[in-house]
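A.B. asks: A single structure is presented below for examination.
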Ligand code: GDG
């Protein structure tokens, strides 16, 4: 595919978006909004743009369409500000935002008990089932007085906004926080005022056996919720297939058509599709050329010196399998002593969900695992592992430019955007070691070394191979990865969703 082909796809996408939204309004419903407000010391409101593909994908478009983003307030300032046009870029783009402000205890149950960890751990196959989860009275209370309540709040807010628009509306719901809202919304609205519902799930959907962890009432409510949408999007075909199988096993009176990717339930069809999410290739390249990134790059080059660099960039999150990554590195140093003193493992970690106990514990455990490698193999001349914890995206991008091997060994991952960002900005023809359980593997396996995430032995071998791979092969893999990523970037992700709405004549 040439640059011109990529340009053509982009133009087609832009034309489709413009045409699509010339006749429709848009509502986005997600746990997080596109901006967060904070009160400065002088009392003025300051805003910070949130990350995430959807904000990026919609930034250019949003000026020209009737759009509202509904989200939970993340700060007191969000809750006070409540509703209005929020700034999105320095150049003056704005978006209409409405923040919902549930009671603190309601939000706690919805977010910190049900969404994370209960659903997140379940969907990433991370529960240690002989011991956890323990679904006790407190969990049920969090479900009924937290998750259900917040989903109702979303449904009510969406219904209000839909009625305020004078034209047909597309509602794009995001992720596992909002599984129940579509059913509440459908039940609330009369047939002719109902919007088109498109729900995209960013995380894996495991098979029906795993959903048995949840009591029938919870899992049925989730499936009923999702069977109220018109188009249900997953990252991969396998996730979509697992959803169909889960409906067949756990949703009485659901009628599943595998070939068409469709579930009939309560006289309504839900079309199940895969829309692999991606990155904004152009915007990332611009950032990679910035002075700020260049500054961090010099720092990282100084840290690594003339050694080879193994890199990982993740949230400090158990599903990312960070500890096994260190164990694999240790095993490589043990079996291939020629690498000792000649390679550095840099783990750049963004602190995540530290108010959930499992995440606090995990951060402690992974720091201890890194310390063990350094204590065993390091000396005054050489520190094998460096862990940098902090929120700093430009620094992460700088590191991605200079890796020799990028390790993405997640236990389970919806997509994993780092696996797409790395090859896009890397300047050393670095190798990608990719978990077969990351959604990105569906698209990128032909340019990556694919590993099974629990197989520390194979991961160690893959690290060794990556560091010793002939230059020609590295070049070939790196250019294939760039090509695969460029042809399906974030604009294509949005475009494919809109196309499915058009094709299905919804
Ligand atoms: C979920 C799913 C799915 C890195 N350092 C910083 C920072 N980053 C960027 C990364 C990457 C993003 O954050 C993380 O995205 P991932 O896809 O790797 O992982 P999750 O956060 O788990 O995302 C995942 C994704 O949703 C999209 O659907 O791919 O499977 O789990 O772009 O480079 N971001 C910020 N500060 C940093 O310091 N803000």
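The values are calculated or read from the model by the stated rules, or taken from the named source; none is laboratory data. Keep in mind it's a predicted model, so treat the numbers as computed, not measured. A quick note on method: Cβ atoms are made from the backbone with ideal geometry, for glycine too, and the neighbour counts reach across all protein chains shown.
A.B. asks: Right, residue 167: at negative phi, loosely packed, with under 14 Cβ neighbours inside 10 Å, part of a loop (DSSP other than H, G, I, E, B) and in contact (Cβ under 8 Å) with a residue 24 or more places away in the chain or not? Explain how you work it out, then say what you get.
C.D. replies: Values: at negative phi: yes; loosely packed, with under 14 Cβ neighbours inside 10 Å: yes; part of a loop (DSSP other than H, G, I, E, B): yes; in contact (Cβ under 8 Å) with a residue 24 or more places away in the chain: yes.
So residue 167 passes the test.
A.B. asks: Can you find a residue in the stretch 94-102 that is at pLDDT 95 or above and either under 24 Å from residue 415 (Cβ atoms) or part of a loop (DSSP other than H, G, I, E, B) (or both)?
C.D. replies: Within the stretch 94-102 (the criterion being at pLDDT 95 or above and either under 24 Å from residue 415 (Cβ atoms) or part of a loop (DSSP other than H, G, I, E, B) (or both)), the answer is yes, since at least one residue qualifies.
Rundown of residues vs (1) surrounded by fewer than 16 Cβ atoms within 10 Å (Cβ to Cβ); (2) within 16 Å of the ligand (Cβ to nearest atom); (3) farther than 30 Å from residue 453 by Cβ, yes/no style:
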site: 69; (1), (2), (3): no, no, yes
site: 72; (1), (2), (3): no, no, yes
site: 77; (1), (2), (3): no, no, yes
site: 81; (1), (2), (3): no, no, yes
site: 85; (1), (2), (3): yes, no, yes
site: 96; (1), (2), (3): no, no, yes
site: 105; (1), (2), (3): yes, no, yes
site: 110; (1), (2), (3): no, no, no
site: 115; (1), (2), (3): no, yes, no
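A.B. asks: Now for a separate question. Of everything in the stretch 23-38, what is farther than 17 Å from residue 172 by Cβ and free of Cβ contacts under 8 Å to residues at least 60 places away in the same chain? Give them in sequence order.
C.D. replies: First pass over the stretch 23-38, keeping only residues farther than 17 Å from residue 172 by Cβ: 35-38.
Those that are farther than 17 Å from residue 172 by Cβ and free of Cβ contacts under 8 Å to residues at least 60 places away in the same chain: 36, 37, 38.
A.B. asks: Given the conditions (1) surrounded by 14 or more Cβ atoms within 10 Å (Cβ to Cβ); (2) over 30 Å from residue 233 (Cβ atoms); (3) in contact with a helix residue (DSSP H, G or I) (Cβ under 8 Å, 6 or more places away or on another chain), and given that residue 374 satisfies all but one, which numbered condition is not satisfied?
C.D. replies: (3)
A.B. asks: So which residues in the stretch 379-397 are part of a strand (DSSP E or B) and within 13 Å of the ligand (Cβ to nearest atom), if there are any at all?
C.D. replies: Of the residues in the stretch 379-397, the ones part of a strand (DSSP E or B) are 385-389.
If the condition is that a residue be part of a strand (DSSP E or B) and within 13 Å of the ligand (Cβ to nearest atom), then 388, 389 are the ones that fit.
A.B. asks: I want to confirm something. Restricting to the stretch 187-199 and keeping residues that are in contact (Cβ under 8 Å) with a residue 60 or more places away in the chain and buried (at least 22 other Cβ atoms within 10 Å of the Cβ), which single residue is farthest from the ligand (Cβ to nearest atom)? Reasoning before the result, please.
C.D. replies: If we filter the stretch 187-199 for residues that are in contact (Cβ under 8 Å) with a residue 60 or more places away in the chain, which is where we start, we get 195-196, 198.
Still in the running and buried (at least 22 other Cβ atoms within 10 Å of the Cβ): 195, 198.
On the way: 195: 23, 198: 15 Å.
Among those residues, the one meeting the criterion is 195.
A.B. asks: Let me ask something additional. Checking residue 160 against (1) more than 16 Å from the ligand (Cβ to nearest atom); (2) surrounded by fewer than 21 Cβ atoms within 10 Å (Cβ to Cβ); (3) in a loop (DSSP other than H, G, I, E, B): exactly one of these is not met. Which one?
C.D. replies: (3)
A.B. asks: With the requirement that a residue be modelled with pLDDT of 85 or more, more than 16 Å from the ligand (Cβ to nearest atom) and touching a helix residue (DSSP H, G or I) at 6+ places or on another chain (Cβ under 7 Å), what does the stretch 30-64 give you?
C.D. replies: So in the stretch 30-64, the residues modelled with pLDDT of 85 or more come out as 30-48.
So of that shortlist, the ones also more than 16 Å from the ligand (Cβ to nearest atom) come out as 37, 39-46.
Within the stretch 30-64, 37, 39, 45 qualify.
A.B. asks: While we're here: Kindly indicate which of 476, 499, 472 is in the same structural domain as residue 21 (by TED's automatic domain parsing), more than 16 Å from the ligand (Cβ to nearest atom) and either in a helix (DSSP H, G or I) or out of contact with any helix residue (DSSP H, G or I) (no Cβ under 6 Å at 6 or more places or on another chain) (or both).
C.D. replies: Unique residue meeting the criteria: 499.
A.B. asks: Taking the condition of being near the ligand (Cβ under 10 Å from one of its atoms) and touching a strand residue (DSSP E or B) at 6+ places or on another chain (Cβ under 9 Å), how many residues in the stretch 398-417 meet it? I'd like the intermediate steps shown before the answer.
C.D. replies: First, the residues of the stretch 398-417 that are near the ligand (Cβ under 10 Å from one of its atoms): 399-400, 408, 410, 412-417.
Those left that are additionally touching a strand residue (DSSP E or B) at 6+ places or on another chain (Cβ under 9 Å): 399-400, 408, 410, 412-416.
Qualifying residue count, the stretch 398-417: 9.
A.B. asks: Related question: Any residue at all in the stretch 451-465 that's outside the structural domain of residue 239 (by TED's automatic domain parsing), more than 16 Å from the ligand (Cβ to nearest atom), surrounded by 17 or more Cβ atoms within 10 Å (Cβ to Cβ) and under 22 Å from residue 306 (Cβ atoms)?
C.D. replies: Yes.
A.B. asks: Could I ask something else about it? Evaluate the stretch 233-251: report whether one residue or more is part of a loop (DSSP other than H, G, I, E, B), within 26 Å of residue 276 (Cβ to Cβ) and more than 16 Å from the ligand (Cβ to nearest atom). Show your work before the answer.
C.D. replies: As a first pass, look at the stretch 233-251 and keep what is part of a loop (DSSP other than H, G, I, E, B): 235-236, 251.
Cutting the leftovers down to within 26 Å of residue 276 (Cβ to Cβ) gives us 235-236, 251.
Imposing the further condition that a residue be more than 16 Å from the ligand (Cβ to nearest atom) reduces the set to 251.
Yes: the stretch 233-251 contains one or more residues that are part of a loop (DSSP other than H, G, I, E, B), within 26 Å of residue 276 (Cβ to Cβ) and more than 16 Å from the ligand (Cβ to nearest atom).
A.B. asks: Starting from residues that are within 12 Å of the ligand (Cβ to nearest atom) and closer than 15 Å to residue 386 by Cβ, keep the ones in the stretch 279-315 and report whichever is surrounded by the fewest Cβ atoms within 10 Å (Cβ to Cβ).
C.D. replies: Our first condition is that a residue be within 12 Å of the ligand (Cβ to nearest atom); within the stretch 279-315, this holds for 279-280, 283-284, 287-288, 296, 311-315.
Checking the rest, the ones that are also closer than 15 Å to residue 386 by Cβ come to 296, 311-314.
Values: 296: 18, 311: 26, 312: 26, 313: 26, 314: 23.
This residue is 296.
A.B. asks: Test residue 142 against the criterion of being surrounded by 20 or more Cβ atoms within 10 Å (Cβ to Cβ), part of a helix (DSSP H, G or I), in the same structural domain as residue 15 (by TED's automatic domain parsing) and at pLDDT 95 or above, and give yes or no.
C.D. replies: Working: surrounded by 20 or more Cβ atoms within 10 Å (Cβ to Cβ): yes; part of a helix (DSSP H, G or I): yes; in the same structural domain as residue 15 (by TED's automatic domain parsing): yes; at pLDDT 95 or above: yes.
Spelling it out, residue 142 is indeed surrounded by 20 or more Cβ atoms within 10 Å (Cβ to Cβ), part of a helix (DSSP H, G or I), in the same structural domain as residue 15 (by TED's automatic domain parsing) and at pLDDT 95 or above.
A.B. asks: Residue 261 versus (1) away from the ligand (no atom under 12 Å from the Cβ); (2) in contact (Cβ under 8 Å) with a residue 40 or more places away in the chain; (3) touching a strand residue (DSSP E or B) at 6+ places or on another chain (Cβ under 9 Å): which is the lone unmet condition?
C.D. replies: With respect to (1) away from the ligand (no atom under 12 Å from the Cβ); (2) in contact (Cβ under 8 Å) with a residue 40 or more places away in the chain; (3) touching a strand residue (DSSP E or B) at 6+ places or on another chain (Cβ under 9 Å), residue 261 is out only on (2).
A.B. asks: Scan the stretch 359-373 and give yes if some residue there is away from the ligand (no atom under 16 Å from the Cβ), in a strand (DSSP E or B), at pLDDT 95 or above and within 23 Å of residue 430 (Cα to Cα), otherwise no. Can you show your working first?
C.D. replies: The initial filter retains those residues of the stretch 359-373 that are away from the ligand (no atom under 16 Å from the Cβ), namely 360-361, 364-365, 367-373.
Among the residues that remain, those that are also in a strand (DSSP E or B) are: none.
No - not one qualifying residue is present in the stretch 359-373.
A.B. asks: Now for a separate question. Restricting attention to the stretch 351-358, does a residue exist that is away from the ligand (no atom under 16 Å from the Cβ), under 23 Å from the mean Cα position of the chain (by Cα), part of a helix (DSSP H, G or I) and more than 22 Å from residue 415 (Cβ to Cβ)?
C.D. replies: Filtering the stretch 351-358 for residues away from the ligand (no atom under 16 Å from the Cβ) gives 355, 357.
Still in the list and also under 23 Å from the mean Cα position of the chain (by Cα): 355, 357.
Still in the running and part of a helix (DSSP H, G or I): 357.
Right, trim to more than 22 Å from residue 415 (Cβ to Cβ) and you get 357.
Looking for residues that are away from the ligand (no atom under 16 Å from the Cβ), under 23 Å from the mean Cα position of the chain (by Cα), part of a helix (DSSP H, G or I) and more than 22 Å from residue 415 (Cβ to Cβ), one finds at least one in the stretch 351-358, hence yes.
A.B. asks: Any residue in the stretch 430-448 that is assigned to a loop (DSSP other than H, G, I, E, B), surrounded by fewer than 18 Cβ atoms within 10 Å (Cβ to Cβ) and modelled with pLDDT of 95 or more? Give the steps one after another, and end with the answer.
C.D. replies: Taking the stretch 430-448 first, the residues assigned to a loop (DSSP other than H, G, I, E, B) are 430, 436-437, 439-440, 448.
If we keep only those that are surrounded by fewer than 18 Cβ atoms within 10 Å (Cβ to Cβ) too, we end up with 436.
If we keep only those that are modelled with pLDDT of 95 or more too, we end up with 436.
So far as the stretch 430-448 goes, yes, one or more of its residues are assigned to a loop (DSSP other than H, G, I, E, B), surrounded by fewer than 18 Cβ atoms within 10 Å (Cβ to Cβ) and modelled with pLDDT of 95 or more.
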